[in-house]
Amino acid sequence: MARCADVLVLGGGPAALCIASELNQRGVAVEGIAPEPVDAPWPNTYGIWVDELKALDLDHLIEHRWSDTVSYFGSGGSEAADQPLVHGIDYGLFDRAALQRYWLKRADGVLWHKDFAERVEAGAEHTLVSCASGEVRKARLVIDASGASSPHIRRPDQGPVAGQAAYGLVGRFSEAPISSGRFVLMDYRSNHLSEKQHLEPPTFLYAMDLGDGVFFVEETSLALAPGVAYDVLQQRLKQRLEHRGVQITEVLHEEFCLFPMNLPLPDRNQPLLAFGGSASMVHPASGYMVGSLLRRGPGLAEALAAALADPSLGSVDLARRGWQALWPMELVLRHQLYQFGLGRLMGFNEQLLRRHFATFFSLPREDWFGFLTNTLPLPRLMGVMLRLFALSPWELRQGLVLGASQHKAPRFRQ
């Protein structure tokens, strides 16, 4: 059996590199188990509001940045519907390689094992991880950062997990699919759909101009259980582009995403700690997580480094300290509020969703920004949600209270 590490991190993606790097910076002896090399390129793109990174002095990790950020919440087919709602705040796309190098540099000294964790057995003093290779790794604390589908983390069964599904591509087109230099957060215009498709789960376009005639376009759905199928999203994206007279001439990269949006919080009494998707850190309202990793990783690492300095603490006590630092009651209550709101939106039809988001983005910028980034203190978050309710038209208020529209919105695969 290998030596006993202070912390053993499971996973090799953004969450694993983040927490491993933060612990390493605090002098903790960290090892990791990842099925692929931790410097292998990441397949998916990661977007973020630039102000989130400015606050952390990490905006140098952005590869693309847009000041022209808009959404469309009209039904399409009219001049008014084609008027964009201007957000007035910069949006950025991470330089994935730079973000990965940033964490790897801070994790210099961490010993990574290319392996797969098959079984985790926690004892009072230390935890054993049995790997596919036959090796058994030992640590005072194991942190599972291997993603939302990890089999090692216990969480309550609260029914089907809703996923935000997306199909996107980076490519070249017969003509620009969106305005030059623009970022489109949500385009809900749907006049390209058939009457039957209007009764199916609504989807929206997320798109950006990457420069040099290259664009990223992605068809996305809100949370549904199960998520919208990729072939449906791909067909809708094609329809949307063709309706605008745009043809795909070259595909440089395809992207398939499925984010768990209403994953219950893990059992915070278990002797195995989690971070990232396995710790339910995906924002239930937006699907974003990288900003949360960057903000919450240092605090968790500080708490764990302090606890690890006490040699009398074993896996059970260390995990308990970790869960308390990662999910204090303030964040637990915020998570519950977001989950409640998401449950209501999942019953909305296309018309109500458009009205809801148009109303939401009419809030003061600091309110909707804080809501989407989960940076509002609990009392202010509650105040923002109450203000949103007060500003909403009656039909939308009814949906927010009852969870469905009076027009009998379809129960999309719930």
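The values are calculated or read from the model by the stated rules, or taken from the named source; none is laboratory data. Being a predicted model, the structure only gives us computed values, none of them experimental. Cβ: placed from backbone, ideal geometry, glycine included. Neighbour counts: every protein chain shown.
In a residue-by-residue description of region 236-257, the property of being buried (at least 19 other Cβ atoms within 10 Å of the Cβ) and part of a strand (DSSP E or B) applies to at least one position. Of the residues examined, SER286 is one that is assigned to a loop (DSSP other than H, G, I, E, B) and small (Gly, Ala, Ser). For region 214-232, filtering for residues that are assigned to a helix (DSSP H, G or I) and buried (at least 23 other Cβ atoms within 10 Å of the Cβ) leaves 0. Applying a threshold of 7 Å to beta carbon distances and a minimum spacing of six or more residues, or different chains, the list of pairs starting in region 257-279 at a residue that is under 17 Å from THR127 (Cβ atoms) and ending at one that is charged (D, E, K, R) reads PRO266/ARG154; PRO266/ARG155; ASP267/ARG154; ASP267/ARG155; GLN270/ARG154; LEU272/ASP144; ALA274/ASP144; SER278/ASP144. Among the residues of region 258-283, those that are assigned to a strand (DSSP E or B) and touching a Leu at 6+ places or on another chain (Cβ under 9 Å) comprise LEU273, ALA274. Against the numbered list (1) outside any helix (DSSP H, G or I); (2) under 22 Å from ARG355 (Cβ atoms), ALA176 comes up short only at (2).
Of the residues screened, ALA97 is not one that is part of a loop (DSSP other than H, G, I, E, B), among the small types (Gly, Ala, Ser) and in contact (Cβ under 8 Å) with a residue 24 or more places away in the chain. Return a yes/no flag: does region 188-195 have any residue that is of a type in the set (S, T, N, Q), out of contact with any His (no Cβ under 7 Å at 6 or more places or on another chain), free of Cβ contacts under 8 Å to residues at least 60 places away in the same chain and not assigned by TED's automatic domain parsing to the domain that holds LEU345. Yes, region 188-195 contains at least one residue that is of a type in the set (S, T, N, Q), out of contact with any His (no Cβ under 7 Å at 6 or more places or on another chain), free of Cβ contacts under 8 Å to residues at least 60 places away in the same chain and not assigned by TED's automatic domain parsing to the domain that holds LEU345. On the given criteria, is ALA303 out of contact with any strand residue (DSSP E or B) (no Cβ under 8 Å at 6 or more places or on another chain), in a helix (DSSP H, G or I) and in the same structural domain as GLY322 (by TED's automatic domain parsing)? So ALA303 fits the description; yes. Give me the residue from region 373-383 that is surrounded by fewer than 19 Cβ atoms within 10 Å (Cβ to Cβ) and of a type outside the set (Ser, Thr, Tyr) and, out of that set, farthest from ARG334 (Cα to Cα). For region 373-383, the residue satisfying everything is GLY383.
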